[in-house]
Every structure is written in C-alpha cells, then in structure tokens.
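The values are calculated or read from the model by the stated rules, or taken from the named source; none is laboratory data. The model shown is predicted, which means the values in this text are computed figures rather than measured ones. Glycine gets a Cβ as well: all are built from the backbone with ideal geometry, and neighbour counts include every protein chain shown.
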Amino acid sequence: MKPEIKRENGATSIDVVLTLKPGFACRTVTALANECQKFLKDANLPDGKERKAYLLAQHKDEIYELRFTSCLELMAFGGEPGKKGIIKVEGEDAFAEKIALRLYSALTSEDAYNLDFYQFEPELRPKE
C-alpha cells in the first residue's frame, strides 16, 4: 500500500516504521547511501540543484536529522525493526516524491540484506 505523502516547507516527506531485520547493517546503509548519491547528484535533478534526503528520527527527547548519504549517521541510529521516523527529501515535486518512495520501499522491505527500492516501481526492478 502506498504511504501518505506530505509536501510542505519545500520538502516531501513520508512517515515510516522500519521493518528491516536485523536493522541497519553495514551493507544496508551502504545501499541506502549509494541509492541517494545516484539520484541526488545535481546532474540528475530536474532543476540542476543538489538536494538532500534525511531520516528524521527521535532518540529520547531529541529529533535527529540523519543524512541518507552518511553511512556513519545511519549506523549510529541502528534502524531496528519498529523504530519510527520520517523520510524527508528536499523539493515538493514528482522527483522528490520518487526518491522518498524508493527510500520508503527500502526501509520497509523486511530483509536488511536485500533492500527492495522498487516496491512502487516494479517495472524498473533490475532483472536477476
């Protein structure tokens, strides 16, 4: 089921409950960072401006803005199943929505070692 997508304050966001088992592993965060780096380079963007993607996560009483391009920040978060966060991508256009949905798809794929970025775009899934 497609999640609710919010557009406000120059960003596109999706609430997410992580289902990855066993959580964020080195391979998992590397795949997330590579996916973001591939799509968020300014050469690929419709407006030619670099954008950023974040996971807003709460720990105790503080909200942390974790860059999806930073393996270290994501590893520090842990990403255990059941943790809640907000995926935030700069921009309020279809491109930002596409990146947010890909990240949501990966974070809810259950298997941390085989992320599925194509849950909402099955026709783009690479052939095995």
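Reported count of residues in the range 51-94, each being closer than 19 Å to N34 by Cβ and either of a type in the set (S, T, N, Q) or surrounded by fewer than 13 Cβ atoms within 10 Å (Cβ to Cβ) (or both), is 3. With respect to the conditions (1) under 18 Å from D15 (Cα atoms); (2) not in a helix (DSSP H, G or I), E97 falls short on a single one, namely (2).
The condition of being surrounded by fewer than 11 Cβ atoms within 10 Å (Cβ to Cβ), modelled with pLDDT of 90 or more and over 17 Å from L101 (Cβ atoms) holds for G10. Tell me, which residue of the range 95-126 that is touching a Leu at 6+ places or on another chain (Cβ under 6 Å) and over 19 Å from K41 (Cβ atoms) is surrounded by the most Cβ atoms within 10 Å (Cβ to Cβ)? This residue is L107. Taking every residue in the range 111-128 that is farther than 18 Å from A33 by Cα and pairing it with any residue that is basic (K, R), at least 6 positions away or on another chain, the pairs with Cβ-Cβ distances below 7 Å are F120/K2. Scanning the range 1-58 for residues that are assigned to a helix (DSSP H, G or I) and aliphatic (A, V, I, L, M) yields V29, A31, L32, A33, L40, A43.
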